[in-house]
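The structure under discussion appears below in the form of C-alpha cells.
The values are calculated or read from the model by the stated rules, or taken from the named source; none is laboratory data. Remember, predicted model here, so these are calculated numbers, not experimental data. Positions of Cβ are backbone-derived with ideal geometry, glycine not excepted, and every protein chain shown enters the neighbour counts.
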Amino acid sequence: MLLMEKTIFKRIIDKEIPANIVYEDDDCLAFHDVNPQAPVHVLLIPKKEIASLNQLSEDDSVLLGHLFGVIRELTQKLGLENGYRVVVNCGDDGGQTVYHLHFHILGGRQLGWSPG
Ligand code: DGP
C-alpha cells in the first residue's frame, strides 16, 4: 500500500504543529500565513483533504458555499471592510506549494495588480 505523507496543512488540522488559528469549525480552519504578503494574510482550508481546485467535485458544493460564507465573516472579523482579495493558487504554474486546497485572504493595504 502506498502511504502518502501528510501535508503541512493536514498536520495543522490534526494539531501536530502549531498555527495562529483565527477560526475553526467542524469543516474548516483559518490561520495566519507564516509568510504574510500583506498586513492581513489568512489561509482558510477545508478539513476535508482536497489537494487542489482540480480535485473539487459537485459533492463539495455545500462545503464551498460554507467556505465563502466563512470568508465573508472572517473579513469582517479581521477589519477588512475597505476590501480584500481571495486567491487560490492551483498547480505548479499557479504557484501552489501546499497540495491541500486553501484560500488566501489578503488585505490591510491597497493591493497591486497584476500578480506577476
Ligand atoms: P500556496 O503557494 O498557494 O500553496 O500557499 C501556501 C502558503 O502556505 C504560503 O503562503 C505559505 C503558507 N505556509 C506554508 N507552510 C506553513 C506553515 O507551516 N504554517 C503556516 N501558518 N503557513 C504556512
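So how many residues does the stretch 86-106 have that are more than 9 Å from the ligand (Cβ to nearest atom) and touching a strand residue (DSSP E or B) at 6+ places or on another chain (Cβ under 8 Å)?
Here is the first cut: in the stretch 86-106, the ones more than 9 Å from the ligand (Cβ to nearest atom) are 86, 91-93, 101, 103, 105-106.
If we keep only those that are touching a strand residue (DSSP E or B) at 6+ places or on another chain (Cβ under 8 Å) too, we end up with 86, 101, 103, 105-106.
Final tally of qualifying residues: 5.
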Open item on the list: Show the residue pairs meeting these rules: Cβ distance below 7 Å; 6+ apart or different chains; first residue within the stretch 37-54 and closer than 27 Å to Glu81 by Cα; second residue more than 11 Å from the ligand (Cβ to nearest atom) and basic (Lys, Arg).
Closed with: Ala38/Arg109; Pro39/Arg109
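Out of curiosity, is Lys77 in contact (Cβ under 8 Å) with a residue 12 or more places away in the chain, loosely packed, with under 15 Cβ neighbours inside 10 Å and touching a helix residue (DSSP H, G or I) at 6+ places or on another chain (Cβ under 7 Å)? Before you say what the answer is, go through the steps one by one.
On the way: in contact (Cβ under 8 Å) with a residue 12 or more places away in the chain: yes; loosely packed, with under 15 Cβ neighbours inside 10 Å: yes; touching a helix residue (DSSP H, G or I) at 6+ places or on another chain (Cβ under 7 Å): no.
Spelling it out, it is not the case that Lys77 is in contact (Cβ under 8 Å) with a residue 12 or more places away in the chain, loosely packed, with under 15 Cβ neighbours inside 10 Å and touching a helix residue (DSSP H, G or I) at 6+ places or on another chain (Cβ under 7 Å).
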Open item on the list: I'd like to check something: does the stretch 43-62 contain any residue that is more than 24 Å from Met4 (Cα to Cα) and surrounded by 13 or more Cβ atoms within 10 Å (Cβ to Cβ)?
Closed with: no
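Assess whether Phe68 counts as being part of a helix (DSSP H, G or I) and either in contact with a Lys or Arg (Cβ under 6 Å, 6 or more places away or on another chain) or hydrophobic (A, V, I, L, M, F, W, C) (or both). Don't jump to the end; show me each part of the working.
Values: part of a helix (DSSP H, G or I): yes; either in contact with a Lys or Arg (Cβ under 6 Å, 6 or more places away or on another chain) or hydrophobic (A, V, I, L, M, F, W, C) (or both): yes.
Taking the combined requirement at face value, the residue satisfies it.
Only one of Glu49, Glu81 is over 26 Å from Pro18 (Cβ atoms) and not in a helix (DSSP H, G or I). Can you tell me which? Quick ask: steps written out before the conclusion?
Values: Glu49 fails: over 26 Å from Pro18 (Cβ atoms).
Result: Glu81 is the single residue among Glu49, Glu81 that is over 26 Å from Pro18 (Cβ atoms) and not in a helix (DSSP H, G or I).
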- [ ] Look at Gly83 and say whether it is over 24 Å from Asp25 (Cβ atoms), small (Gly, Ala, Ser) and either at pLDDT below 95 or away from the ligand (no atom under 16 Å from the Cβ) (or both).
- [x] yes
- [ ] Identify all residues within the stretch 11-36 that are within 11 Å of the ligand (Cβ to nearest atom), more than 19 Å from Val87 (Cα to Cα) and not β-branched (Val, Ile, Thr); write none if there are none.
- [x] Arg11, Glu16, Pro18, Ala19, Asn20
